[in-house]
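In what follows, a structure is listed as structure tokens, so that the remarks can point back to it.
The values are calculated or read from the model by the stated rules, or taken from the named source; none is laboratory data. For clarity, every value in this text was computed on a predicted model and none was experimentally measured. Ideal geometry is used to build each Cβ from the backbone, glycine not excepted, and the neighbour counts take in all protein chains shown. Each accessible area value is taken on the protein alone, full model and side chains, heavy atoms only, with ligands, DNA and RNA left out. Shrake-Rupley method; radii C 1.70, N 1.55, O 1.52, S 1.80 Å.
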Amino acid sequence: MKKTDGMSECEIENVLRTLPEVLPDHGFQEQLGESLAKRHVELAKERRSKKNRGNIFRFGVVAAGLLISLIGAFTFYLVEKPSVYSTGPLFLATAQATGVPGITFGDSLDSMRLVKFNVQGVLPAGEQEGTILRLKNGIKTEKDVLEMAVAMGINEPEVSDKQPKVSDGQNEPVTNWVMVSGRKGRLSVWLSQGTWLYEQEADSSIKSSQLVSKEAAKDIAVQWLTAAGLLPQSEYVINQTPASETSFETVIKPARGPEGTAIVGEVPEIRVTVTEQGGVAHATGTWFEWDNSEKVQLSGYEQALEALKRGEGVFETKGYRPFTAGIAEIQKADTAYQLAYALDFTPYYVPVAVFQGEFTPEGGMKEPFTAFVSLLKNNQQENAGNFILDTLLPQVDKLSSVIAERGNEVTVAELPVLAQFFGVVGQPDASGGVSSEKGEITLTSWDGGWLYRSSLIGIKHSRTPVSDEVAVAAANNVVANIPALPGDLGQPFIRAGVGDDFKYVIYPIIYKDKYVFSTGGSGFESCIYVQVGPQGEIWSVQCTKPMVLLEDKQPLIRPEKAWDKLLKNNSLIYVEGFFGFIPGNRFAATYSKVTEVELIYKPRYTNMARNENYDIVYMFTGTARVGTKNVRFKAFVNAVES
């Protein structure tokens, strides 16, 4: 068990959780906060003197505001006695994406939405309190997925692939995605989100002159869901649309939300595609049954509108594209419910403000729009995440270089030299790529990088990957001599998929002592990938998104000032395995222990393939305690002096 200044984290949490489950007495909060803070300082001094660790800052672990976080929900304030569940910070979608899974939301701050909101008339005051509804996710383990596959009619199902991408905060991989394959179908499940996808290969040998009708297709979909145990128990509505010329799609949505209100957003829903021969070819769903509810205080429509203007919430209108400027005239405001997730992936219905009216893009025609944004109150107290600094702050220069993405033409000019290095001899094609019997090297035009593929690609090979040591040695032997690298190479690390035959050695590219952060699997926007085969041979080498250092310099704030901003909720929070960034004032935890602080580059729009701007930020990395779960987080604070 980890210790925090003399007491274990579990002991601190258990002591505080024994406090009465009532609204906090603010006088009592102050007394207890002062008492614990005094003891915390004494123990911290003793610990630092014993270990001679120098000036290590520790703040906020016993802030009086922690009481509110523990006896109620973390990002809103309860009006009544809370349930036995800890909701934790709730994540609200701002850029709902289609596809699978259907809940892969974009960034929770939409800085690409250049919309000015005006109100026709006066906004209503709205309710001061509302209800949140906890939902039940019934798919939790691989065993659940296998049983689900059998119920769907997949014969002899076996786990064919899985991705343990989500960490529980203690460096123990937790399976998030599972694929089960068998005769008559394949099932993929995103365990954390509760989203599933069923696919069946079409049997071209089946011929039928009796084609099913639209109504019959709906009945087949309902019968299939019933047999699979997936037909909703709660009230729902059914719609049908032609999926193609030869199939019908049945769509099931919730009939209503709490208190009879509407539910907005892409999910929950279930979609089943039935072919004209009467077979289920494809189905996907994200659906939860109701569990329990509790009352919460709400912000008004005015505060919700301000959040919308800051980039929170969802904005929907016909043909809207990022960076499209225009004016949205709000004609109506109402309250609905939207699916949200706590940081432990517990699903909820939460109240949102729904604004409707007309949007006029610059140089375009008016179109109806709908926008919705959370009505849950943001954290009012400072250091809502209860951040503890458990490392030394870095030493940084007063000025920092600026980077930009390198043009494709620079890479094209380097391809002949790179081709010679990899032994690929031949004449460049129209795009600058070179190929021969030794392999090929090409421009990756989507990111300005390059990709070398050896002649081994596609050849049969052993199914046993080499050890990490052999993989790194083989990769080092290559990257040490690659010509025309855009920057220095950082320390390598290994990535290997479940059941993969290869090892992937990844080197971050360093630009003036800073790497470029990414929310992708490697964690680096600009890096070198080396694919090492089962015999230690090199199968491919890729350079992703090379950068160029500009002449401009930016003045930086000191790390101590960045830490102070973090404690005042002036940050963006990224939680590993979650959907996007959370504004600092929507993040709260029992504690958040920072174990590493770095100065890095970060793309301004992390959900865009290319960026014109890369911000210089301090990145605080660590583990937070949310409810009963540990989550790994990164907090970003702007490092440029304003």
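Can you name the residue in region 417-443 that is in contact with a strand residue (DSSP E or B) (Cβ under 7 Å, 6 or more places away or on another chain) and surrounded by fewer than 16 Cβ atoms within 10 Å (Cβ to Cβ) and is also nearest to residue 540 (Cα to Cα) among such residues?
For region 417-443, the residue satisfying everything is 425.
Hey, among the residues in region 244-263 that are open to solvent by less than 30 Å² (accessible area, probe 1.4 Å) and touching a Gly at 6+ places or on another chain (Cβ under 9 Å), which one's nearest to residue 195 (Cα to Cα)?
Selected residue: 252.
Being surrounded by 20 or more Cβ atoms within 10 Å (Cβ to Cβ) and over 15 Å from residue 385 (Cβ atoms) is the filter here, so list the residues in region 575-586 that pass it.
Hits for region 575-586 are 579, 580.
Within region 361-377, can you find the residues that are farther than 30 Å from residue 140 by Cα, assigned to a loop (DSSP other than H, G, I, E, B) and open to solvent by less than 40 Å² (accessible area, probe 1.4 Å)?
If the condition is that a residue be farther than 30 Å from residue 140 by Cα, assigned to a loop (DSSP other than H, G, I, E, B) and open to solvent by less than 40 Å² (accessible area, probe 1.4 Å), then 364 is the only one that fits.
Hey, could you check region 291-308 for residues that are in contact with a strand residue (DSSP E or B) (Cβ under 8 Å, 6 or more places away or on another chain) and loosely packed, with under 15 Cβ neighbours inside 10 Å and say which is farthest from residue 134 (Cα to Cα)?
Step by step, filter region 291-308, then rank; the result is 295.
Residue by residue, here is whether (1) in a strand (DSSP E or B); (2) out of contact with any Leu (no Cβ under 7 Å at 6 or more places or on another chain); (3) within 20 Å of residue 388 (Cβ to Cβ) holds:
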position: 588; (1), (2), (3): no, yes, yes
position: 599; (1), (2), (3): yes, yes, no
position: 605; (1), (2), (3): no, yes, no
position: 621; (1), (2), (3): yes, yes, yes
position: 630; (1), (2), (3): yes, yes, yes
position: 637; (1), (2), (3): yes, no, yes
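For residue 618, which of the numbered conditions (1) open to solvent by 20 Å² or more (accessible area, probe 1.4 Å); (2) over 27 Å from residue 191 (Cα atoms) fails to hold?
Residue 618 satisfies every listed condition except (1).
Okay, residues lined up against (1) surrounded by fewer than 21 Cβ atoms within 10 Å (Cβ to Cβ); (2) more than 16 Å from residue 516 (Cβ to Cβ); (3) free of Cβ contacts under 8 Å to residues at least 12 places away in the same chain; (4) over 19 Å from the mean Cα position of the chain (by Cα):
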| residue | (1), (2), (3), (4) |
| --- | --- |
| 589 | no, yes, no, no |
| 594 | no, yes, no, yes |
| 602 | no, no, no, no |
| 626 | no, yes, no, no |
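Sort out which residues of region 129-160 are touching a Leu at 6+ places or on another chain (Cβ under 7 Å) and crowded, with 17+ Cβ neighbours inside 10 Å, and write them in order of number.
Correct list: 130, 139, 145, 148, 149, 152, 154, 157.
Of the residues that make up region 488-507, is at least one in contact with a Cys (Cβ under 8 Å, 6 or more places away or on another chain) and open to solvent by 10 Å² or more (accessible area, probe 1.4 Å)?
No; the residues of region 488-507 include none that is in contact with a Cys (Cβ under 8 Å, 6 or more places away or on another chain) and open to solvent by 10 Å² or more (accessible area, probe 1.4 Å).
Would you point out which residue out of 398, 438, 503 is closer than 30 Å to residue 612 by Cβ and among the basic types (Lys, Arg)?
Checking each option against the conditions leaves just 398.
Can you name every residue in region 337-360 that is outside any strand (DSSP E or B) and open to solvent by 10 Å² or more (accessible area, probe 1.4 Å)?
Of everything in region 337-360, those that are outside any strand (DSSP E or B) and open to solvent by 10 Å² or more (accessible area, probe 1.4 Å) turn out to be 344, 345, 346.
Scan region 525-537 for residues that are in contact (Cβ under 8 Å) with a residue 24 or more places away in the chain and either touching a Ser or Thr at 6+ places or on another chain (Cβ under 6 Å) or in a loop (DSSP other than H, G, I, E, B) (or both) and jot them down.
Listed by number, the residues that qualify are 525, 526, 531, 533, 534, 535, 536, 537.
Select, from 484, 474, the only residue that is closer than 17 Å to residue 509 by Cα, under 35 Å from the mean Cα position of the chain (by Cα) and of a type in the set (Gly, Ala, Ser).
After applying the criteria, what remains is 484.
Of everything in region 508-536 that's modelled with pLDDT of 95 or more and aliphatic (A, V, I, L, M), which residue is most open to solvent (accessible area, probe 1.4 Å)?
Here the answer is 510.
Pairs needed: first member in region 563-584, farther than 17 Å from residue 639 by Cα and at pLDDT below 85; second member anywhere, assigned to a strand (DSSP E or B) and among the charged types (D, E, K, R); C-beta distance under 9 Å; at least 6 residues apart or different chains.
Final answer for the pair search is 576/632; 576/634; 577/632.
Suppose we filter region 355-387 for residues that are within 30 Å of residue 191 (Cα to Cα) and among the hydrophobic types (A, V, I, L, M, F, W, C); how many remain?
Looking only at that region, the number is 7.
Output the residues belonging to region 604-615 that are open to solvent by 30 Å² or more (accessible area, probe 1.4 Å) and modelled with pLDDT under 95.
Of everything in region 604-615, those that are open to solvent by 30 Å² or more (accessible area, probe 1.4 Å) and modelled with pLDDT under 95 turn out to be 604, 605, 606, 607, 608, 609, 610, 612, 613.
Considering only region 430-467, how many residues are at pLDDT 90 or above and either in a strand (DSSP E or B) or among the β-branched types (Val, Ile, Thr) (or both)?
15
Regarding region 232-243, can at least one residue be identified that is open to solvent by less than 40 Å² (accessible area, probe 1.4 Å), in contact (Cβ under 8 Å) with a residue 40 or more places away in the chain and small (Gly, Ala, Ser)?
yes
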